[in-house]
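Everything on this sheet refers to the single structure shown next.
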Amino acid sequence: MLPFSQYDAAGRLRHLITLDGMSRDQILELLERSRHYLAPNGAMPIRTRALEGITIGNIFNEPSTRTRSSFELAGRRLGADVLNLEIQLSSRVKGETVIDTIQTLESMAVDVFVIRDAEPGVTQFVAENVYDHVSVLSAGEAHLSHPTQGLLDALTILQYKGGFRDLVVAVVGDVKHSRVARSAYQVFSALGVGELRIVAPDALMPNAGEMPQAARFSSIEEGIAHCDVVMMLRVQKERMTQASIPDSAEYHARWGLTKIRLGLARPDAIVMHPGPINREVEIASEVADGPRSVIREQVTNGVAVRMAILETVIGNRRLRGDHR
Ligand code: ASP
C-alpha cells in the first residue's frame, strides 16, 4: 500500500489534513482563490452555485463555533447540501465502527467529510478509507493541526500587511497545546515570514525540537517588541493534564496582552486571535475590541478560505473524472 498522501496522482489536493509540507506556491494559490470569495471591501464572501449537487458532512466531536458554522456557510454559499453531525469517532479510531459510520454516510452520497476530532490520526484514518471520489478536510485535529485556521491567518496577514517576508510575527501564549500555533508555524515558515517568534511561559512552550525555525521568548514584553503581527492564543485548559499555569488573574498579569504591552509592538501592528477569546485572561477586552484587532476579519476570512478549499477539492475531483 502506498503511504498516505493528501494529494491525488496528479499532485492536486484531494484531502486537507495538514499544511505540513505544502509549498509556498500551493499556499499562495489557495490564498488567491480565497481572496476571490471576499467582496472588495472585505465584506462577506460572494455566493456561487459551483458545488450544486455536492453534499458535505460536518462531523465534529469537539466544541466549535467558528469553524463549524463557517464550513457550513461556505458549503451553502457554494450551493452544496450540508449535514451536521456530532459523532464520537476518536474512541474508536482504529475500529471497524468508524468505517461503518463513514460508509453509512457515503451511502447517503456525502462527497466531502469535514472532521474535527480530539484524537490524533482520525482524519487521516478516515481519508484512507473513503471512496476515491470522496474528500476529507480537517477542521482541527487534537493539538496537532488546524489547517484551514492556518490559511485564514495567512490570508488575514496578507490582507493587512501585503506580504510576509519583511514581517516580525509573534505567536503568544499556550503554544504547547495549540493546533492553531502548529498550523500557523507551518504556513508562516512556508511563506517565508521574516522573523517568527513563539512567546510562552516555560510550562506552555512546545517541546524542544518542535518549531525549529522560530525564536523562543519567555517574556511577553521581549517577545512582542517591534512585532508587526501579534497572534494571541487561548489558554487551553481542557488539554492540560495538570494545572500547568497559575490562575487566570495571575496569567493575565504576566502574560495578558494589554494596551500598554501592545505599545511595545510596531505602531501599525495587528492583533489576531483564533477565538474563542478568554477576555481578561490572555487578552484584555480593550485590545480585543480595539482598533488594532483583526479578530472579526479573521472570522470573515475563514468563510472565504473554506469556500476556496471546498471548491478546490471538488474541482480537482472533476479534473480526475471521479464520480460517485
Ligand atoms: N478555535 C480554535 C481551535 O479549535 C482555537 C481554540 O480553541 O483556542 O483550535
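None of the figures in this text is laboratory data; all of them are computed from the coordinates on show. From a predicted model like this one, the values you see are computed outputs, not experimental measurements. With ideal geometry, Cβ positions are generated from the backbone for all residues, glycine too; neighbour counts draw on all protein chains shown.
Taking a quarter of the surface of the Cα convex hull of the chain, what do you get in nm²? Walk me through the intermediate numbers first.
Numbers: hull surface 63.6 nm².
For the chain, the mean projected area of the Cα convex hull comes to 15.9 nm².
Can you tell which of Ala50, Ile283, Gln236 lies farthest toward the positive end of the dipole of the chain, using +1 and -1 charges on the Cβ of basic and acidic side chains (Lys, Arg; Asp, Glu)?
Ala50
Give me a comma-separated list of calculated 3J(HN,Hα) values for the stretch 285-295, in order, Karplus coefficients 6.51, -1.76, 1.60 applied at θ = phi - 60°, integers in Hz, x for any Gly or Pro.
4, 5, 8, 4, 9, x, x, 8, 6, 10, 4
Can you check how the C-alpha radius of gyration of the stretch 49-176 compares to 2.2 N^0.38 Å, as a plain ratio? Before the final figure, lay out the partial values.
Values: Rg = 16.3 Å, N = 128, 2.2 N^0.38 = 13.9 Å.
Cα-based Rg divided by the globular estimate yields 1.17.
Please give the contour-minus-distance gain from Ser69 to Ile87: 0.36 nm per residue of separation, less the Cα-Cα distance, rounded to one decimal in nm. It would help to have the intermediate numbers written out before the result.
Details: separation 18, 0.36 × 18 = 6.48 nm, distance 1.66 nm.
The span from Ser69 to Ile87 would gain 4.8 nm if fully extended.
Just from the alpha-carbon atoms, what are the Rg and Dmax of the stretch 197-324 in angstroms?
Spelled out, the Cα radius of gyration and Dmax of the stretch 197-324 are 18.3, 57 Å.
What residues qualify as long-range amide H neighbours of Ile54, i.e. H under 5 Å apart, gap of 5 or more or another chain, H built at 1.01 Å from N?
Counting only residues 5 or more places away or on other chains, the set is Asp81.
Please compute the contact order of the stretch 1-86 in relative form: average sequence separation of alpha-carbon pairs under 8 Å and at least six residues apart, divided by the residue count, as a percent. Can you show the working numbers first?
Details: 76 pairs, mean separation 20.9, N = 86.
Reported relative contact order: 24 percent.
Over the chain, what is the percentage of antiparallel beta bridges among all DSSP beta bridges, to the nearest 5?
Just about 5 percent of them are antiparallel.
Counting only residues 5 or more places away or on other chains, whose amide H sits under 5 Å from the amide H of Ala269 once H atoms are built in the peptide plane?
none
Charges at C-beta only: +1 for Lys and Arg, -1 for Asp and Glu. How large is the resulting dipole of the stretch 181-307 about its Cα centre, in Debye rounded to 20?
On the way: 14 positive and 15 negative charges, 56 e Å.
Dipole magnitude for the stretch 181-307 comes out near 260 debye.
If the only charges are +1 at each Lys and Arg Cβ and -1 at each Asp and Glu Cβ, what is the size of the charge dipole of the chain around the Cα centre, to the nearest 20 debye? Write out the running numbers ahead of the final one.
Details: 36 positive and 39 negative charges, 124 e Å.
Dipole about the Cα centre, nearest 20: 600 debye.
Place the peptides 248-260, 128-140, 75-87 in order of packing, highest mean first, counting for every residue the other Cβ atoms within 10 Å and averaging per peptide. Spell out each step's value before the answer.
Working: 248-260: 15.8, 128-140: 20.8, 75-87: 17.5.
So the peptides 248-260, 128-140, 75-87, ranked by packing, come out 128-140, 75-87, 248-260.
Can you give me the relative contact order of the chain as a percent, contacts being Cα pairs under 8 Å and 6 or more apart?
Working: 617 pairs, mean separation 65.0, N = 324.
Relative contact order, the chain: 20 percent.
Once each part is reduced to its C-alpha centroid, what is the distance from the stretch 11-64 to the stretch 261-324 in angstrom?
The stretch 11-64 and the stretch 261-324 have Cα centres separated by 13 Å.
Give the peptides 144-153, 61-70 in descending order of average Cβ contacts within 10 Å, highest first.
Numbers: 144-153: 26.0, 61-70: 17.3.
Ranking, from highest mean packing down: 144-153, 61-70.
For every helix of n ≥ 4 consecutive DSSP H residues, a contribution of -39,500 (n - 2.57) applies; sum these over the chain, divide by its total residues, and give [θ] at 222 nm rounded to the nearest 500 deg cm²/dmol. Provide the component values of the computation, followed by the final result.
Values: 11 runs with 119 residues, N = 324.
Roughly -11000 deg cm²/dmol at 222 nm, from the helical runs in the chain.
What is the dipole size for the stretch 1-135, taken about its Cα centre, with +1 at each Lys and Arg Cβ and -1 at each Asp and Glu Cβ, in debye to the nearest 20? Each step should come with its number before you reach the end.
On the way: 14 positive and 18 negative charges, 119 e Å.
Magnitude of the dipole: close to 580 debye.
Have a look at Asn61, Pro212, Leu155 and report the one farthest towards the positive end of the charge dipole of the chain, computed about the Cα centre with Cβ charges (Lys/Arg +1, Asp/Glu -1).
Leu155
So how much slack lies between Glu221 and Asp247, counting 0.36 nm per residue of separation and subtracting their Cα-Cα distance, in nm?
Values: separation 26, 0.36 × 26 = 9.36 nm, distance 2.00 nm.
Answer, rounded to one decimal: 7.4 nm.
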